[in-house]
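First comes the structure, then the notes that go with it.
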Amino acid sequence: MKRTAIGVLTLALAVFGFGEVLAAPQYVTMGTGGVTGVYYPTGGAISKLVNQKRNEYNLRMTVESTGGSVFNVNALMNGDIEMGVVQSDLQYQAYKGLGEWEGKPQTKLRAMFAIHPEAVTILSAADKNIKSVADMKGKIVNIGAPGTGQRVNATDLFATAGIDIDKDIKVEGIKPAEAAGMLQDGRIDAYFYTVGHPNGSIKEAVAGTRKVAFVPVSAELVQKLVAAQPYYAPADIPVAQYPGVTNTENVPTFGVKATICTSSDVPEDVVYKITKEVFENVEELRKLHPALEVLTQENMLQGLSAPLHPGAAKYFKEAGLIKE
Ligand code: GLU
C-alpha cells in the first residue's frame, strides 16, 4: 500500500514536475471599480483569459468591485489585493508621495501595463443649462466618493478654475454606480466620472427621461492642467457613443490612462504569467469591451510611472517590447 502510494507520487512527479503536483493554486484578486464603469468588466475580461489557463498556470483570478483607483492603491499596499486598476495620474502621485499620499510615497507600488484611455467626464442635467466649469457654481455636483479617481480630478479641476469647492459647489460624494440614477431623480445636477467610453453609467443616464448634456472643459483650462501636471492630456468625449445626449459635437476635456498595478510583494512568476496571457491575447481583449478596442501592445506600455514589476519586465524583454 505504502509502496504503491510512493510509486504513484514518483510517477506523478516525473510526469508533472514538482511544482504542479505539490503547489496549491495561487489566488489573485484584482480590485476594479463600480459595476457600471469600465474597470469592472475589464477585470472580468482579464480574469476570463487567465482562468481559461487555470490548470497550466496554477492560478485562480477573481475580480472585485471596489471604490476605484485610490482605494485600489491602498488595498494593494495593505496586501488586500494582488492587482488593481489605477489611473495613471494616481499611480504617479502614489509612487512619488504626492496628492492623497503627500509625504508618504508608496514605494511598493509596481506597474504591470496600461489599458484604455479615460476622459474626465462631467455629465449634467440639460435643464440646468451648465455650459462650462464655471456654470457649476451653486449646483449640486457629485465629485465622486472617497477612493475614486474622479474625486481627485474634480478637486484638481475646480482648484485650477479658481472655484472654491467648499463654498461655491454643493458637493456630493456618491458611488459611481448610483450617480446616473441620482441625476435622473433630480437629486444631483451633475456628476464627475473619470472613465473609458462607452460605459454603462453614462448609457444609463442618457437613457432616462431627464435630458442630459456633457459639460466641456475649455481649452484654456485644459492647457493649464496639462502644463502643471505631466500625467494629464487633452481628451475628447465621443458623443456618437451616446445617442440621445444633447451635445452635437465631441466634448473637449482632459484625461488619463487606466493602468494595471501590483505590489513588489507579489511573486514574479504570477505577474509574468498574467502579463504574458494578456499580451498574447490583446486581439481577444479588444473584443471583450468596446472601450478596449484601441489597445495595442505598444500603447499598453505607455502611461506607467511606478517601476515595472520584474515579472512584467521579464515578459516585455522576452517579447522584445522593451530593451534589456
Ligand atoms: N477611473 C475611475 C476611478 O479610478 C474608475 C473608472 C471605472 O471604473 O471604469 O475611480
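The values are calculated or read from the model by the stated rules, or taken from the named source; none is laboratory data. Please read these numbers as outputs of a predicted model, since none were measured by experiment. Counting neighbours? That spans all protein chains shown, and the Cβs are built from the backbone with ideal geometry, glycine included. Quick note on the areas: whole protein, heavy atoms, side chains included, nothing else; ligands and nucleic acids left out. Shrake-Rupley method; radii C 1.70, N 1.55, O 1.52, S 1.80 Å.
Restricted to the range 270-288, and to residues there that are in contact with a strand residue (DSSP E or B) (Cβ under 8 Å, 6 or more places away or on another chain) and of a type outside the set (A, V, I, L, M, F, W, C), the residue that is nearest to PRO41 (Cα to Cα) is THR275. Cβ separations smaller than 8 Å between residues 6+ apart or across chains give the following pairs from the range 130-154 residues that are of a type in the set (Gly, Ala, Ser) and away from the ligand (no atom under 16 Å from the Cβ) to residues that are at pLDDT 95 or above and not in a helix (DSSP H, G or I): SER132/VAL215; SER132/PRO216; SER132/SER218; ALA134/ALA161; ALA134/ILE163; GLY138/ILE169; GLY138/LYS170. Looking at the structure I just gave you, is VAL195 under 23 Å from PRO146 (Cα atoms), among the β-branched types (Val, Ile, Thr), within 16 Å of the ligand (Cβ to nearest atom) and at pLDDT 95 or above? For VAL195, the condition - under 23 Å from PRO146 (Cα atoms), among the β-branched types (Val, Ile, Thr), within 16 Å of the ligand (Cβ to nearest atom) and at pLDDT 95 or above - is met.
Yes or no: MET77 over 22 Å from ALA177 (Cβ atoms), among the aliphatic types (A, V, I, L, M) and in a strand (DSSP E or B)? In short, no. Just one residue in the set ILE163, ILE202, ILE174 is within 22 Å of ALA126 (Cβ to Cβ) and surrounded by 19 or more Cβ atoms within 10 Å (Cβ to Cβ); that residue is ILE202. State yes or no: is ALA213 farther than 16 Å from GLN150 by Cα and surrounded by fewer than 16 Cβ atoms within 10 Å (Cβ to Cβ)? Against the criterion (farther than 16 Å from GLN150 by Cα and surrounded by fewer than 16 Cβ atoms within 10 Å (Cβ to Cβ)), ALA213 does not qualify.
For the range 249-257, indicate whether the set of residues that are outside any helix (DSSP H, G or I), of a type in the set (S, T, N, Q), in contact (Cβ under 8 Å) with a residue 12 or more places away in the chain and open to solvent by 30 Å² or more (accessible area, probe 1.4 Å) is non-empty. Checked the range 249-257: at least one residue is outside any helix (DSSP H, G or I), of a type in the set (S, T, N, Q), in contact (Cβ under 8 Å) with a residue 12 or more places away in the chain and open to solvent by 30 Å² or more (accessible area, probe 1.4 Å). Scanning the range 216-248 for residues that are more than 23 Å from GLY162 (Cβ to Cβ), open to solvent by 30 Å² or more (accessible area, probe 1.4 Å) and in contact (Cβ under 8 Å) with a residue 24 or more places away in the chain yields ASP236, PRO238, GLN241, PRO243, GLY244, THR246, ASN247. Just one of the listed residues (PRO117, PRO105) is more than 13 Å from the ligand (Cβ to nearest atom) and either more than 28 Å from LEU292 (Cβ to Cβ) or assigned to a strand (DSSP E or B) (or both), and it is PRO105. Consider the range 37-70 and keep the residues that are in a loop (DSSP other than H, G, I, E, B) and out of contact with any His (no Cβ under 8 Å at 6 or more places or on another chain). The one that is farthest from the ligand (Cβ to nearest atom) is ASN58. Note on the range 71-81: among residues that are near the ligand (Cβ under 10 Å from one of its atoms) and hydrophobic (A, V, I, L, M, F, W, C), the one that is least open to solvent (accessible area, probe 1.4 Å) is VAL73.
Per the conditions (1) more than 17 Å from GLN241 (Cβ to Cβ); (2) buried (at least 18 other Cβ atoms within 10 Å of the Cβ), the sole criterion not satisfied by ALA180 is (1).
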